[in-house]
Amino acid sequence: MPAEALQCKECRSTYELEARYVCDECFGPLEVAYDFSELDLDSTRRRIQAGPANIWRYADFLPFESSPSTVLAAGITPLVRADRLAEELGVREVWVKNDAANPTHSFKDRVVTVALAKARELGYEVVACASTGNLANAVAAHTAAAGLESYVFVPADLEEQKILGTGVYGANVVAVRGTYDDVNRLCTELSGDRDWAFVNVNVRPYYAEGSKTIGYEIAEQLGFELPDRIVAPIASGSLFTKVARGMQEWLDLGLLSGSLPAFSGAQAAGCAPVADAFEAGWDICKPVRPDTIAKSLAIGNPADGPYALELARSSGGGIDSVSDQEIRDGIRLLAETAGIFTETAGGVTTAVLRKLAQRGDLDPGERIVLVITGDGLKTLDAVRGSFAVHEIDPSREDFERHVPERSAAPSPV
Amino acid sequence: MSVIVKIPTQLRSVTGGEAEARVDEATTVGDVLDGLYDRFDGLRDRIAEDGDLRRFVNVYVGGEDIRFLDGLDTSVEDGDEVTILPAVAGG
C-alpha cells in the first residue's frame, strides 16, 4: 500500500495510520503521506481505467490495503461541456463537474465513502459529524447502508430540506442552537471523550482524501489532461486544496504533464474569511460570524484556510466573494445555460466565475472547470419567487389570455 | 478568584493526564496560559510560538473564540471556563 503514515502539514512529524488528526508537537493538521515510488505508470493507468465506476478506481491513491466494498460508493459524476455558459461569459471553454450527481446529491459522498471505510477498518461502530447539511445527508445515508449508528450535529437554523434529507435515513439528528463553528467546537470536544468516528474530526485526514478524487476524475475525463483553471467553492478549504493535491500527485508521477491549473476559490460575502485574508495579503484567516444564504459554505473559522490561501497564490489563481443576490443570479445562470440546478454553494461558484469574466481576469482561450458541489433541491428557498408561474383555468382562452409568448412562433414552411 | 481550563486530549500527556486545570490569580487569558505554562513543562512549546498562539490553536472563554474578544488580552472573571482546542477540524 503506498499510504505510509500520517504526517503533520506544519512540522512534518509522522504518526501511525490511526484515528488521529492533530500533531502532538505543534497542533498542526495531519495528512496521509504516500510513497508512490513503486507504482508503475502504465499499469497504474490501466488499473484506473479498468476499475469500478466510482472512486475506488483510484484506490492506489487512497489510504487502504485493498479496495473496500461500499454500497453507496460515490464518484464518476458527469463532466459536461457548457458552451452556452461559456458564450454568455465570453470565454472559449467551460466544463461543469456536476457533483450533485452523487448518491446523496453532493460531493460529500466522496469524503464519507473514504471516511466510513476507514472508520470500519479501525473498528468503529458509531459514526458522527459536524455538518452544514450536505455532510449530514451523506453520513446518515452511508451509515444506514452499512448498518452503523450515526449522530449528526447541525446548526439548528439549517435549511429544512437538509434536515429532512438526514433524518429520513434513521440518523440521530442533533440540531445545535448556534453557528456551524459552535457545532464544530462541540464535536471537537466530544471527540476527545467518545469512542466514535467523527468523520471530519478524528478521522479527518482520511475523510479529506476523498476530495482528491474530484481532481483525478476531472483529469481522467479530460483524457488525462489538466484544465487551465479550476473554480471551486471554499468552506473549510479542504476540497479546494485536495483537488490540487490529487492533480499534483498525478503530475509528480507522470500520469499528467504540464502544471497545476490556476485555482480560483469562491466564497459568499456573508462568510468570506478566506477571500478577505487573500485580499488583505494575510497568510491566516480572521474568523467571522456567518450571515449568508450559502449555508453549506458558512464556516467562519476555516481549518484549511491558510493552505487555501497558499494554493490560490502559488497557482496564480485567487479567492473572491459574492453577495447573496449574486448567488441567486448564479444559480439561475447555471440553470438557464447548462440545465444544471445547483444549491447556493454552486451559485457562489458560478457567480465568482462570472465575476472573474466581467473583471477581465480570464484569458479568452482558457479551458475552465467549474466544480458544482451540490443539488438545488436542497436549498429551494434560494429560488423561491425568482420567476413567475402562470396559473390558469383549463381552457385555451385562459391560456392565451394569461401566457405571453416569449418568442415568435416558427414560420410555416 | 479562579478559572477552570479544559485541556484537550492532545495536551494531556503534558498535564499528567488531567482534563481540567484550575488557575487562580489571573485577569486575562494570557495570564491563564502563563499560569499553565509555569505548572506544566513542555506545554508552552506545544501551543505557543514567539509569544503568540500557534495558528492551529483555538482558545475559547465561555464558548466564545477569543479572536472575537481581545485575543490573549481578553479578561477573565471568577468562574469562567477557558477551553483550548485544536483548530484543524470541520468542513
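The values are calculated or read from the model by the stated rules, or taken from the named source; none is laboratory data. Bear in mind that the values here come from a model prediction, so they are computed numbers and not experimental data. No Cβ is skipped: glycine too gets one built from the backbone with ideal geometry, and neighbour counts run over all protein chains shown. When the accessible area is computed, the model is the full protein with side chains, heavy atoms only, and any ligands, DNA or RNA have been set aside. Shrake-Rupley method; radii C 1.70, N 1.55, O 1.52, S 1.80 Å.
Can you tell me which residues in the range B:23-49 are open to solvent by 20 Å² or more (accessible area, probe 1.4 Å), farther than 24 Å from A:CYS11 by Cβ and in contact (Cβ under 8 Å) with a residue 24 or more places away in the chain?
Once the filter is applied, which keeps residues that are open to solvent by 20 Å² or more (accessible area, probe 1.4 Å), farther than 24 Å from A:CYS11 by Cβ and in contact (Cβ under 8 Å) with a residue 24 or more places away in the chain, the range B:23-49 yields B:GLU25, B:THR27, B:THR28, B:ASP31.
Residue check: is A:THR344 under 26 Å from A:ARG81 (Cβ atoms), more than 14 Å from chain B (Cβ to nearest Cβ), open to solvent by less than 20 Å² (accessible area, probe 1.4 Å) and touching a helix residue (DSSP H, G or I) at 6+ places or on another chain (Cβ under 7 Å)?
Considered against the rule, which asks whether it is under 26 Å from A:ARG81 (Cβ atoms), more than 14 Å from chain B (Cβ to nearest Cβ), open to solvent by less than 20 Å² (accessible area, probe 1.4 Å) and touching a helix residue (DSSP H, G or I) at 6+ places or on another chain (Cβ under 7 Å), A:THR344 comes out as yes.
Are any residues in the range B:44-68 of a type outside the set (Val, Ile, Thr), within 11 Å of chain A (Cβ to nearest Cβ) and in contact with a strand residue (DSSP E or B) (Cβ under 9 Å, 6 or more places away or on another chain), and if so, which ones?
Result: B:ARG46, B:ALA48, B:LEU53, B:ARG54, B:ARG55, B:PHE56, B:ASN58, B:TYR60, B:GLY63, B:ASP65, B:ARG67.
For the range A:206-236, give me each residue that is under 15 Å from the mean Cα position of the chain (by Cα), of a type in the set (A, V, I, L, M) and not in a loop (DSSP other than H, G, I, E, B).
Listed by number, the residues that qualify are A:ALA208, A:ILE214, A:ILE218, A:ILE230, A:VAL231, A:ALA232.
Filter the range A:156-192 for residues that are more than 16 Å from A:ASN137 (Cβ to Cβ) and facing chain B (nearest Cβ under 8 Å) and give the result.
A:ASP181, A:ASP182, A:ASN184, A:ARG185, A:CYS187, A:THR188, A:GLU189, A:SER191, A:GLY192
Output the residues belonging to the range A:263-289 that are more than 14 Å from every other protein chain (Cβ to nearest Cβ) and assigned to a helix (DSSP H, G or I).
A:ALA275, A:PHE278, A:GLU279, A:ALA280
Does A:PHE240 count as touching a Gly at 6+ places or on another chain (Cβ under 8 Å), within 13 Å of another protein chain (Cβ to nearest Cβ), among the aromatic types (Phe, Trp, Tyr) and closer than 21 Å to A:PHE107 by Cβ?
yes
Residues of the range A:237-262 being touching a helix residue (DSSP H, G or I) at 6+ places or on another chain (Cβ under 8 Å), outside any helix (DSSP H, G or I) and under 15 Å from A:VAL371 (Cα atoms), which ones?
Across the range A:237-262, the qualifying residues are A:GLY237, A:PRO261.
Can you find a residue in the range A:357-372 that is of a type in the set (A, V, I, L, M), out of contact with any Leu (no Cβ under 8 Å at 6 or more places or on another chain) and either touching a residue at least 24 places away in the same chain (Cβ under 8 Å) or not in a loop (DSSP other than H, G, I, E, B) (or both)?
No, the range A:357-372 contains no residue that is of a type in the set (A, V, I, L, M), out of contact with any Leu (no Cβ under 8 Å at 6 or more places or on another chain) and either touching a residue at least 24 places away in the same chain (Cβ under 8 Å) or not in a loop (DSSP other than H, G, I, E, B) (or both).
Scan the range B:50-82 for residues that are open to solvent by 10 Å² or more (accessible area, probe 1.4 Å), assigned to a strand (DSSP E or B) and in contact (Cβ under 8 Å) with a residue 60 or more places away in the chain and jot them down.
Across the range B:50-82, the qualifying residue is only B:GLU81.
Suppose we filter the range A:5-32 for residues that are open to solvent by 20 Å² or more (accessible area, probe 1.4 Å) and touching a Leu at 6+ places or on another chain (Cβ under 9 Å); how many remain?
Selection size over the range A:5-32: 12.
State all residues of the range A:33-47 that are open to solvent by 60 Å² or more (accessible area, probe 1.4 Å) and either within 17 Å of A:VAL111 (Cβ to Cβ) or without any contact (Cβ under 8 Å) to a residue 40 or more places away in the chain (or both); if no residue qualifies, say none.
Across the range A:33-47, the qualifying residues are A:ASP35, A:SER37, A:GLU38, A:ASP40, A:ASP42, A:ARG46, A:ARG47.
Write out, first by first residue and then by second, each pair whose Cβ atoms fall under 6 Å of each other, whose residues are 6+ apart or on separate chains, and whose first residue, in the range A:7-22, is modelled with pLDDT of 95 or more while the second is among the basic types (Lys, Arg) and outside any strand (DSSP E or B).
What qualifies is A:TYR21/A:ARG204.
Suppose the filter is within 11 Å of chain A (Cβ to nearest Cβ) and open to solvent by 50 Å² or more (accessible area, probe 1.4 Å); does B:ARG12 pass it?
It is true that B:ARG12 is within 11 Å of chain A (Cβ to nearest Cβ) and open to solvent by 50 Å² or more (accessible area, probe 1.4 Å).
Mind checking which pairs have a first residue in the range A:48-61 that is more than 19 Å from A:GLY223 (Cβ to Cβ) and open to solvent by 20 Å² or more (accessible area, probe 1.4 Å) and a second that is hydroxyl-bearing (Ser, Thr, Tyr) and in a helix (DSSP H, G or I), Cβ under 8 Å, 6 or more apart or different chains?
A:ASN54/A:THR113; A:ASP60/A:THR44
Of all residues in the range A:118-136, how many are open to solvent by 10 Å² or more (accessible area, probe 1.4 Å) and more than 14 Å from every other protein chain (Cβ to nearest Cβ)?
The number of residues fulfilling the criteria is 7.
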